[in-house]
1. Looking only at segment 458-468, decide whether some residue is among the basic types (Lys, Arg) and either without any contact (Cβ under 8 Å) to a residue 12 or more places away in the chain or within 30 Å of Val310 (Cβ to Cβ) (or both).
2. Within segment 147-176, how many residues turn out to be farther than 30 Å from Arg17 by Cα, of a type in the set (Val, Ile, Thr) and out of contact with any Lys or Arg (no Cβ under 8 Å at 6 or more places or on another chain)?
3. Residues of segment 435-446 being open to solvent by less than 60 Å² (accessible area, probe 1.4 Å) and assigned to a loop (DSSP other than H, G, I, E, B), which ones?
4. Which one is farthest from Asn278 (Cα to Cα), of the residues in segment 208-231 that are open to solvent by 60 Å² or more (accessible area, probe 1.4 Å) and not in a loop (DSSP other than H, G, I, E, B)?
5. What is the number of the single condition among (1) in contact with a helix residue (DSSP H, G or I) (Cβ under 9 Å, 6 or more places away or on another chain); (2) open to solvent by less than 50 Å² (accessible area, probe 1.4 Å) that Pro49 does not meet?
6. Any residue at all in segment 26-36 that's open to solvent by 90 Å² or more (accessible area, probe 1.4 Å) and of a type in the set (Gly, Ala, Ser)?
7. Considering segment 367-388 alone, what residues qualify as being polar (S, T, N, Q) and either open to solvent by 40 Å² or more (accessible area, probe 1.4 Å) or modelled with pLDDT of 95 or more (or both)?
8. Output the residues belonging to segment 157-170 that are free of Cβ contacts under 8 Å to residues at least 40 places away in the same chain and either outside the structural domain of His108 (by the TED database) or not in a strand (DSSP E or B) (or both).
Amino acid sequence: LPLVVKAFEMEIVPANRIVAQIGETLILTCNTTGCASPRFSWRTQMDNPLGGTVNNHGTYSTLTMNPVSIVNSHDYLCTVFCGEKEKKEKSIKVELYSFPSDPIIEIHPSLVAGEPVTVICKVPDVYPSDHLELLLMKEEHVLREANFYADDSTNTETKNVTYSFNPTAEDIGKEITCVAKLPIANMDFEPKERITSQKLNANFGPQNTVITVYPGNSPMEGDSLKLICVTESNPPPQVVWRKYLADKSIQHLIENNVLSIPHAHFTDSGLYICEVINLVTNKTEKATVDIVIQGAPNIAELSIEPSTTVQEGENVSIQCSAESNPPPKIILRRKSDSADVGPYSDGRILLPSVTSLNGGDYECVAENKFGKSKREITLNVEFPPQNITVLVYPSENVKEGENVTITCSTYSNPPSQMVLKKLHQEKEIILPSVNGTFILYNVTKNDTGRYLLDVFNEVGSNIKVIEISVVGRLEKPDQMILLVIAFSSVAAIAVPVVAILIYVSRKAKINGSYSLVKALRLKV
């Protein structure tokens, strides 16, 4: 077959004309055929700098512009030499534009309802700007139109359009739209229109702050209580709850718009403050509500000062306090009294130099229309032995062989103890007793003497002196003795029993008295 030799040819890719965006990468390729060792040359028709990098690869050469800039807006000429005589060249026109991003919407200052603001629509790095058209709208309403046909910029620029107005609360949520168009005839690129939208988010408030209370401002004690602080603010505000205390100080509660009290108590009554703070607008607003907890009285304190157990002569204060709404009527009295010691508006009884008669159970009753509450407390008044009565039976003068019974009754708190002592040659002989009853059996003359009866308790003591005189028996005939014995037996039973029963009946109510039953049994 005959050998076919290809003719020397060249081409540029892309051919003739290319539209490139400033900032991107553009590669021009110059290809050859029919030449084994071509030589390449790149230049601009105006001999300006290439603004790119040339790389030769055998039968083709590339011119890389990375990134494409305004200096690349030229006609580029590629010349190929094949041998010494053959030369071919072709040109390509590079046309540039810049429309790299969507418009940017800015609002200055931060939107606050009622205060003037300026909306700015910016189109960054646009070229050629003399073809740019801008449209600023609020919803469907056109705010501002602008074009830059008279612009003679030779490089990328940021173009903008502005609009100032006073936003209202109704503007919140409405959409601001900026439309940018770059319609360049005979230039094939996309997009030629860019759109940005932003909803108006006006910063305002706080305003119209109110507190809503469920179930109401005057709930019953024990009810659940919920306080809700509602305000108008954008962005949402910081909420702080506080409460005025009785001492005029302020108690910090929570940082939440809802304050919940699961079980309301009287101490929860008071003035509550909801403070709302918008950190953007730097504004603060407060709302207050007065909460009054209602309910039956609750006795908060029933006390005796200095103590529930005191000694005679001390000053005593009995105090009762109750909490409720409406305020309670307080009655403070001793239960054993027929009439109230109160009522006292301050629920207090003062007992200067207290006596045993003031001891007993005291009762505090607090009452209002919702009910009443009652508590008791006991005042224990201690005092030393008093009203001491000593009974010697049959008498302090007795005969040998008789039994002598000594009984003692006294009134004291706490109950007294009793000790009978006999003074004998400067020594004390302590005699045993049974419940305060002392019995001397078959007395002799040696039992004659002075006896000391010591009556005492933790508070004090008292001593009674008893003189006992024992005389000898008289010698009688046997019959006379029998008669005397018989008479004495009857008398010993009848007379003492009557006398002692009368005495005991009179003293039965005296605290600390002692029974003589055992003594009588021993006597019989």
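1. yes
2. Total satisfying the criteria: 2.
3. Applying the first criterion (open to solvent by less than 60 Å² (accessible area, probe 1.4 Å)) to segment 435-446 yields 436-440, 443-444.
Scanning segment 435-446 gives Gly436, Val443, Thr444.
4. Within segment 208-231, the match that is farthest from Asn278 (Cα to Cα) is Met220.
5. Single failed check for Pro49: (2).
6. Scanning segment 26-36 turns up at least one residue that is open to solvent by 90 Å² or more (accessible area, probe 1.4 Å) and of a type in the set (Gly, Ala, Ser).
7. Across segment 367-388, the qualifying residues are Thr378, Asn380, Gln386, Asn387.
8. Result: Glu170, single match.
The values are calculated or read from the model by the stated rules, or taken from the named source; none is laboratory data. Small disclaimer: the values here were computed from a predicted structure and weren't measured. All Cβ positions, even for glycine, are placed from backbone atoms using ideal geometry, and neighbour counts span all protein chains on display. To get the accessible areas, we keep the full protein, side chains included, count just its heavy atoms, and leave off ligands, DNA and RNA. Shrake-Rupley method; radii C 1.70, N 1.55, O 1.52, S 1.80 Å.
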